[in-house]
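**Student:** Take this structure first; my questions come after.
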Amino acid sequence: MLTAVRSLFGLGTKSEPAPPASRRERIEIDPKDTVIYAIGDVHGCFAELKAAEQRIVADAADIAAERRIILCLGDLVDRGPQSADVLDHLAGPPPRGFERLSLCGNHDETFLAFIDDPHANMGWLDFGGEQTLESYGIDLLRLARHRGGTGGLGEIARATVPEAHVEFLRSLPVAVRFGDVLFVHAGVRPGVPLDAQDDDDLMWIREPFVSQPNGLGLTVVHGHTPANEPVFAPGRIGIDTGAFATGRLTALRVFEGRAAIVG
């Protein structure tokens, strides 16, 4: 179906769009009297996100921290059914007594690339973007059938996706340093100093990150590389448990130098 859609919209095919080279913000948070609850790749799974937040709120009732932060590790959109609702929720107020942060993942960056230049980034549709457009009420098959009166797909997306969602995604940082813990979406390039790490690696890397020590003296908490269960490995903790396919959205508490799965 996507091939027919591209043909009807007069757009080329690319297997995967190249992410922009711009450098996103990196944040440092003092761990003193602070707990961070990290949530793995949401991928449009709104019900699972709300359930994870409920588990976090219940867990935090027994944590003696002055500052409580919920941190989504990126890949907020694509693949799952409710990306628009997820962005609405995350851009809104957090649970009472909490702060909320989200990182930019490679899917979030690719969504923005499509909004900016749809002709060069049609590969996003195969990357989970079709489900994201559907969450905004954009039916690609119906548009393809009625091409004569619809205009270009890019223009339709720009007119339909709220500017607040676009600006929210543009504002997302790419890393949070929390004492000896680093939160990123994908990982780090082993052996590269932290201040020299490239945004693309932080959002896209798998190997050699998942199989080699990072050499930074940090524990890297990340998503991006899915597994059946959370992965506790030397120098890293992976918490992408494939929520869009499994229904399991993992939350990790990091407090006073210790990490534990919530719920």
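The values are calculated or read from the model by the stated rules, or taken from the named source; none is laboratory data. For clarity, every value in this text was computed on a predicted model and none was experimentally measured. Ideal geometry is used to build each Cβ from the backbone, glycine not excepted, and the neighbour counts take in all protein chains shown.
**Student:** For region 100-125, which residues satisfy the criterion of being modelled with pLDDT of 95 or more, among the hydrophobic types (A, V, I, L, M, F, W, C) and either surrounded by fewer than 23 Cβ atoms within 10 Å (Cβ to Cβ) or touching an Asp or Glu at 6+ places or on another chain (Cβ under 6 Å) (or both)?
**Tutor:** Across region 100-125, the qualifying residues are LEU101, LEU112, ALA113, ILE115.
**Student:** Can you give me the ranges of the strands (runs of 3 or more DSSP E) entirely in region 156-263 with at least 1 residues that are surrounded by 19 or more Cβ atoms within 10 Å (Cβ to Cβ)?
**Tutor:** On the way: elements: 175-178, 181-184, 219-222, 231-233, 236-238, 251-255, 258-261.
By residue number, 175-178, 181-184, 219-222, 236-238, 251-255.
**Student:** Tell me which of these LYS32 doesn't satisfy, since it passes every other one: (1) modelled with pLDDT under 95; (2) within 25 Å of PHE178 (Cβ to Cβ).
**Tutor:** Condition (1) is where LYS32 drops out.
**Student:** Still on this model: Anything in region 222-263 that is among the hydrophobic types (A, V, I, L, M, F, W, C) and over 22 Å from PRO81 (Cβ atoms)? List them, or say none.
**Tutor:** Of all residues in region 222-263, those among the hydrophobic types (A, V, I, L, M, F, W, C) come to 227, 231-233, 237, 239, 243-245, 249, 251-252, 254-255, 259-262.
Residues satisfying the conditions are ALA227, VAL231, PHE232, ALA233, ILE237, LEU252, VAL254, PHE255, ALA259, ALA260, ILE261, VAL262.
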